[in-house]
Amino acid sequence: MITTDELQINIGPQHPSTHGVFRMLITVDGETVVNLEPVFGYLHRNHEQLAEVNTYLQNMPYTDRLDYFNSMANNHAYALAVEKLAGIEVPERAEYIRVMMVELTRILNHAGAVGFMINDMGAWQTPLAFGIREREKILDLFEMVSGARMMCNYFRFGGVVRDIPDEFIPRLKKLLIAMPAYVDELERLLRENEILLARSEGIGILPREVAVSYGVTGPVLRGSGIAYDIRKAEPYSIYDRFDFDVPVGSVGDVYDRFLVRIEEMRQSRRILEQIIEQLPDASGGHINPKARQNVRPPVGDAYARVESPKGELGFYLVSDGGPKPYRYKVRAPSFINLTPLGDMCRGYKVADIVVILGSIDIVMGEVDR
Amino acid sequence: MSTTPDTSPSPRDLLREQLATVLPHTLVTLPDDLPELIRTADVIVHADALPEVVPFVIDQLGYGLLSDIAAVDYVEHGLFELVYRFYSIGGGGDLVIKVRVPREQPDVPSLLPILPGARLHEREAYDLFGIRFIGHPDLRRIYMWDEFEGFPMRKDFPKQGDNYIGEGA
């Protein structure tokens, strides 16, 4: 009988499919993965330490750099945490503008994630270009309101930094009209392509109970069949006013996670349509005029979380009464979602690892902080 | 006791009440004259009691989703605080368990045998704060390189100068 030796190899840290500087130390038996261990820290910049040296407001642009795909969602979670700690009210219009930006971010992220996944499977460039094309349109909207396309730094304590310009809503309406056709196109790419089905169905299965015990959140958890969405489970901001569904998968494989993402894009569109209907006029103001930006919260701690496109993004802040946070902790969704990566990859082929990793949808800026 | 938590009393009150009746020896009672910074309304349990309290919280109270383990260094008061945050799949607010350990001997039992989701949280708290999770099979540095000495998120870690490499380098 021929025996084979197990072999240890590294994927990454410089590898086009690891979505950043991320290393996976894998043990393979032929083509089959026996063990996988994620190695972190290549992008570590002690974000939390920096935040304890800065004032509360100075941290706002730093949060953009956590998950640099979704700077608006990061801003939102941080603003909520500081507002909770300091007891700051947010005007109605500002809440609507915030939710509008965050839902646009979700569409942008999922379009990119689906594009990158198909890219990882070897369908080079074209599907990714479809995703990026849609993302560009949303980035144009972000540029219109904040002046920046990716590092938006748009939120402030008690509101947003400036009101949306007059031409914003017409542009948004145009985008929403064109969206269903685009999402259908993206879904067809996945649903009707035999090669993509073979690469994603039954791959990287994360069963229901296992997903909960690993503490994963976001589309990964919902792909495993648990309808846990913070927007519904513990509504923050004004999410209790909108009518939307929480899509779930059934098996918990790569295919389910991506169907969940595609359906979430449709649900985000529904929320955006309701926002356009309900948006209060500008007389309410886009920021609470009484909210001080050089905030000195009373002694205490606060944790606020949002359903970011990747999962539960939370900020834990401790104040000692001074102008800087005493402790600033980021609960990063894509970091925790990597916990079960080894179990998800065990037994599959080396080529599947890249697809499974892509289906978790990580951003190293947030994982390594 | 049901597996879906009742939302009418806050999770904090529910936990305090339940622990007081079922596992009273796990609760820590704080003196009233604590400095303002380390006063808290949350439930504090003995570090050694954690392997008892956490299965109770998961199985009996239904809070099965470990969201976060945050370490805080209260250097002037000589203690580390660990904030364990749980959520229920059914929805609702967070359930917080706090643990305080002396800075000189920061030993806390690991949750890994109970909850595999604690793996990376605990490695992070070890790497940045030097909290030793007893029973964690893989307690290594996660962000800093392996040869690094010291724990950079501790409040007494030098913030500038070249001391940060340590003598061994």
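Data for the structure
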read-out	value
Pairs where the first residue, in the range A:207-219, is within 20 Å of B:P55 (Cα to Cα) and more than 9 Å from every other protein chain (Cβ to nearest Cβ) and the second is surrounded by 20 or more Cβ atoms within 10 Å (Cβ to Cβ) and among the polar types (S, T, N, Q), C-beta under 7 Å, 6+ apart	A:R208/A:S224; A:A211/A:S224
So B:V43, is it among the hydrophobic types (A, V, I, L, M, F, W, C), open to solvent by less than 70 Å² (accessible area, probe 1.4 Å) and closer than 25 Å to A:F315 by Cβ	yes
Of all residues in the range A:147-177 being in contact with an Asp or Glu (Cβ under 8 Å, 6 or more places away or on another chain) and without any contact (Cβ under 8 Å) to a residue 40 or more places away in the chain, the one that is most open to solvent (accessible area, probe 1.4 Å)	A:R171
Matching option when the condition is at positive phi and either among the acidic types (D, E) or under 12 Å from the mean Cα position of the chain (by Cα) (or both), among A:G311, A:G321	A:G311
Residue that is surrounded by the fewest Cβ atoms within 10 Å (Cβ to Cβ) [pool: residues in the range B:52-70 that are within 11 Å of chain A (Cβ to nearest Cβ) and among the aliphatic types (A, V, I, L, M)]	B:I58
Residue in the range B:76-91 that is out of contact with any Phe, Trp or Tyr (no Cβ under 7 Å at 6 or more places or on another chain), over 30 Å from A:R208 (Cβ atoms) and in a helix (DSSP H, G or I) present	yes
Residue, nearest to the other protein chains (Cβ to nearest Cβ), within the range B:97-155, restricted to residues that are part of a loop (DSSP other than H, G, I, E, B) and of a type in the set (S, T, Y)	B:Y143
Subset of the range B:97-131 (residues that are open to solvent by less than 20 Å² (accessible area, probe 1.4 Å) and in contact (Cβ under 8 Å) with a residue 60 or more places away in the chain)	B:I97, B:V108, B:L111, B:L115, B:I131
Residue within the range B:39-49 that is among the hydrophobic types (A, V, I, L, M, F, W, C), more than 24 Å from A:Y326 (Cα to Cα), in contact with a helix residue (DSSP H, G or I) (Cβ under 8 Å, 6 or more places away or on another chain) and part of a helix (DSSP H, G or I) present	yes
Residue check, B:D73 in contact (Cβ under 8 Å) with a residue 40 or more places away in the chain, within 9 Å of another protein chain (Cβ to nearest Cβ) and under 14 Å from the mean Cα position of the chain (by Cα)	yes
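One line per residue, one yes/no per condition, for (1) more than 21 Å from A:A77 (Cα to Cα); (2) modelled with pLDDT of 90 or more:
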{"residue": "A:V216", "(1), (2)": "no, yes"}
{"residue": "A:A233", "(1), (2)": "no, no"}
{"residue": "A:Y236", "(1), (2)": "no, no"}
{"residue": "A:P247", "(1), (2)": "yes, yes"}
{"residue": "A:V251", "(1), (2)": "yes, no"}
{"residue": "A:V260", "(1), (2)": "yes, yes"}
{"residue": "A:M265", "(1), (2)": "no, yes"}
{"residue": "A:S268", "(1), (2)": "no, yes"}
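The values are calculated or read from the model by the stated rules, or taken from the named source; none is laboratory data. Just so it is clear, the structure is predicted and the values come from calculations on it, not from any experiment. As a convention, Cβ positions derive from the backbone with ideal geometry for all residues, glycine included, and neighbour counts pool all protein chains shown. Just the protein is used for accessible areas: all its heavy atoms, side chains included, with ligands, DNA and RNA removed. Shrake-Rupley method; radii C 1.70, N 1.55, O 1.52, S 1.80 Å.
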